[in-house]
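The values are calculated or read from the model by the stated rules, or taken from the named source; none is laboratory data. Computed from a predicted model, the values in this text were never measured in an experiment. Note that we place each Cβ from the backbone using ideal geometry, even for glycine, and neighbour counts take in every protein chain shown.
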């Protein structure tokens, strides 16, 4: 059995084995040196090498704070790069997507690049027949089924802008995203399987577009076969439209800076932000990070467990992987159905070579016990990855030993919805792989760790992670219909000179970067970004709530979990009321945002100007020193809250 890493050295670092280095696309540090000398020239070269263009660009990069453009004047099509060119080069019979349904009695489905090409062209024609044009928005509210990628690629083919919404989001969350984007078409399914039960997705979709809605047409995939209501002249079955669709649809020649998709992410104000990604810069980085970070070769089977509704699903469950001509595996269900070895059974049966998941999932699997992966032959694996949050030492070691057999490197990837692709990681042929450390900036990415005065922080001192010009080609180009918010969120902290990631970081050995977590009020719950303000708004909508404050609490499985302090109007605290508030959050946002704890309080600590001191609330739930309370308007509130949370600090 091949060993892809060396044993750990005296520092506890792992390095690529000689075999790994000889196999890898990037074998040494030369690429870092080349990229650092001239990042713009580096990306110019990589864009030409990795992506097919209909028309070359006139200017590679333009920076007018706080706006930037890449490959200006270039024309391309992202769908063509993900599908057509592989068929044209003779890879048509190669599997593009291997789909595994949750029910064990259903057969897996394999779509070759040739079959994917045909399906995407037909669905592109379906959209055109329904009146969708270049620049129109299409909302995709689908589970983990291949129709999700087909719909995304079809939008990309004709220049429509898609907005994929996580299928576990509530009707209210879906409605907010549809209304903000002013989408014309909604694509959903009758239902899907989750732990053996059918989730009735069409019902949620119907509720979201009830009343006044910009949605004119709804396309429904028949997945679970459950009974659904179909509204005449608005609702159409996917399979019926596809049966009548023409089979040929030429890819549109789109401008490099034309928007490819909008993806909504949590904002500190509670209102989701529509992050805009464009065709050229996004696909260039999606391609190269897929190829280099995961060291993709022709025989690889790549499995990313992220939902298609998140940016990880967009880049590494669709665009980046398919752009390289690689095979991706796509699984509908949960890791513990029908039993806790479902993931490892899939790895064994499909000879998965690269496995990419979140630390939350690793901690959950570790809690179930190492006997579950031990039942299966995982020797096909040669590379493991993590995403979504910093990984702790315990989870890293369990993953390395029990899934990778102490022979597979772990690439820890740091990036965001806004960055579109991985920006900090370790390249498999270069190393080192350091537990809890993300690694180095990807070649061509310029980042720094600074203090509040914009000075670079030396040594291992912590600071704020920022990006500097030239900015990564895949970085967002703005927020949908929210220019002011875009500037406030990402640029004002550093006078529009640096892009603020809102993450803290520190250096290790003056070369590698450890991410220390968010520095704003956005939590990482099971790898999903959720703002405290969004949860506060949901809870405060209940008729009995006077005010509410939500803070992050460490969680052994989820990483972070919401802890809600609630002050009531007249009602008395009760389990029934607590359950009503849990349900309010579930309905308004979705189950992932449900607080771990709701604590009823007489009052919340406030400054004399009326601002809630969330810093003190965080200290209470984490048993940290509270600090000076004399400046509070109501210092007595702290003593009552100590009893409420069982404070031991």
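At a glance:
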{"read-out": "Residue within the stretch 347-355 that is surrounded by 24 or more Cβ atoms within 10 Å (Cβ to Cβ), more than 20 Å from residue 107 (Cβ to Cβ) and assigned by TED's automatic domain parsing to the domain that holds residue 78 present", "value": "yes"}
{"read-out": "Pick from the stretch 37-58, criterion touching a residue at least 60 places away in the same chain (Cβ under 8 Å) and in contact with a helix residue (DSSP H, G or I) (Cβ under 9 Å, 6 or more places away or on another chain), ranking: surrounded by the fewest Cβ atoms within 10 Å (Cβ to Cβ)", "value": "54"}
{"read-out": "So residue 230, is it outside any loop (DSSP other than H, G, I, E, B), at pLDDT 95 or above, in the same structural domain as residue 111 (by TED's automatic domain parsing) and farther than 30 Å from residue 335 by Cβ", "value": "no"}
{"read-out": "Selected residue (only one of 441, 422, 446, 436 is under 23 Å from residue 307 (Cα atoms), touching a helix residue (DSSP H, G or I) at 6+ places or on another chain (Cβ under 9 Å) and touching a residue at least 24 places away in the same chain (Cβ under 8 Å))", "value": "422"}
{"read-out": "Tally, over the stretch 174-188, of residues that are more than 22 Å from the chain's Cα centre (by Cα) and closer than 17 Å to residue 236 by Cα", "value": "2"}
{"read-out": "Filtered residue count, the stretch 472-502, keeping only those that are farther than 24 Å from residue 163 by Cα and part of a loop (DSSP other than H, G, I, E, B)", "value": "5"}
{"read-out": "Condition broken by residue 333, with the remaining ones in (1) in contact with a helix residue (DSSP H, G or I) (Cβ under 6 Å, 6 or more places away or on another chain); (2) crowded, with 22+ Cβ neighbours inside 10 Å satisfied", "value": "(1)"}
{"read-out": "Test for residue 25: is it surrounded by 13 or more Cβ atoms within 10 Å (Cβ to Cβ), within 29 Å of the chain's Cα centre (by Cα) and not in a helix (DSSP H, G or I)", "value": "yes"}
{"read-out": "Conditions (1) surrounded by 20 or more Cβ atoms within 10 Å (Cβ to Cβ); (2) out of contact with any strand residue (DSSP E or B) (no Cβ under 6 Å at 6 or more places or on another chain); (3) under 25 Å from residue 511 (Cα atoms); (4) modelled with pLDDT under 95; number of the one not met by residue 392", "value": "(1)"}
{"read-out": "Residues located in the stretch 54-70, provided they are part of a loop (DSSP other than H, G, I, E, B) and more than 27 Å from the chain's Cα centre (by Cα)", "value": "54, 56, 57, 58"}
{"read-out": "Pick from the stretch 193-209, criterion in contact with a strand residue (DSSP E or B) (Cβ under 8 Å, 6 or more places away or on another chain) and in a strand (DSSP E or B), ranking: surrounded by the most Cβ atoms within 10 Å (Cβ to Cβ)", "value": "193"}
{"read-out": "Among (1) buried (at least 16 other Cβ atoms within 10 Å of the Cβ); (2) outside any loop (DSSP other than H, G, I, E, B); (3) touching a residue at least 60 places away in the same chain (Cβ under 8 Å) - the single one residue 34 does not satisfy", "value": "(1)"}
{"read-out": "Flag for residue 359 being in contact with a helix residue (DSSP H, G or I) (Cβ under 7 Å, 6 or more places away or on another chain) and either more than 23 Å from residue 300 (Cβ to Cβ) or at pLDDT below 95 (or both)", "value": "yes"}
{"read-out": "Output for the stretch 524-541, where each listed residue is modelled with pLDDT under 80 and either assigned to a strand (DSSP E or B) or over 26 Å from residue 385 (Cα atoms) (or both)", "value": "524, 528, 529, 531, 533, 534, 537"}
{"read-out": "Strands (runs of 3 or more DSSP E) within the stretch 91-186 that include 3 or more residues in the same structural domain as residue 280 (by TED's automatic domain parsing) and under 24 Å from residue 271 (Cβ atoms)", "value": "137-140, 161-164"}
{"read-out": "Residues within the stretch 442-461 that are surrounded by 14 or more Cβ atoms within 10 Å (Cβ to Cβ) and in a loop (DSSP other than H, G, I, E, B), tallied", "value": "7"}
{"read-out": "Which numbered condition residue 250 fails, given (1) buried (at least 19 other Cβ atoms within 10 Å of the Cβ); (2) free of Cβ contacts under 8 Å to residues at least 24 places away in the same chain", "value": "(1)"}
{"read-out": "All strands (runs of 3 or more DSSP E) inside the stretch 236-318 with 1 or more residues being at pLDDT 95 or above and over 17 Å from the mean Cα position of the chain (by Cα)", "value": "259-265, 301-304"}
{"read-out": "Counted residues, the stretch 418-441 - those being closer than 16 Å to residue 501 by Cα and in a loop (DSSP other than H, G, I, E, B)", "value": "7"}
